[in-house]
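Heads up, the thing below is written out as structure tokens.
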Amino acid sequence: MSLLERLTDDMKTAMKAGDKDTLGVVRRAIAAMQNARIEKREDLDEQEEIKVIRSIAKQHKESIEQFRAAGREDLATKEESELEILSTYLPAEMDQAQLEALVDAAIAESGASSMKDMGSVIKIVMAKAQGQAEGGAVSALVKGKLGG
């Protein structure tokens with residue numbers, strides 16, 4: 001079952017249960033996927049679907065930070081609950097040890113020795129991580145390993 005099919009099933013379930021919070025989050029996720037599909041002009045594969053959900057989750061994280069900075073704890077709490085719902089559709093994150101091993105292997109595979117090779121290392125890591133690692137965390141780790 002694709003992620004879009006799972007979202008559609010969960011939308012129907014939320015409608016029947018009257019769960020407005022879940023329904024709103026799922027509808028926005030479906031709309032974002034449909035927009036991405038329209039832009040691409042073909043169906044999304046599993047990795048592209050995960051990428052769409054990750055981008056929505058990133059927006060929620062940024063909103064939480066901004067609301068907290070502005071002293072709007074009520075809105076930050078609402079965003080956190082929506083982020084929690086979204087996270088159920090994302091694959092589990094890799095732990096730090098797995099991510100470090102993946103970065104070390106990518107550095108060895110690409111022969112990277114300096115910061116100018118950072119892009120090629122990140123590309124290899126993100127391809128192998130298959131949606132289980134956040135780009136920012138990978139970037140920071142690669143930068144640390146390459147002496148940046």
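Every number in this text was worked out from the coordinates using simple rules, so none of it is lab data. Everything numeric here is computed off the predicted structure, so don't read it as measured data.
Lysine pairs in the stretch 47-148 whose alpha-carbon atoms fall under 26 angstrom of each other, counting only those eight or more residues apart or on distinct chains, come to 23.
A convex hull fitted to the Cα coordinates of the chain yields 141 cubic angstrom per residue. For the chain, take the longest principal axis of its alpha carbons; what is the angle in degrees between that and the long axis of helix 46-69, to the nearest 10 within 0 to 90? Once rounded, the angle reads 80 degrees. In whole percents, the pair-distance distribution calculated for the stretch 76-138 from its alpha-carbon pairs, binned every 5 Å from zero, is 3, 17, 23, 18, 14, 9, 8, 6, 2, 0.
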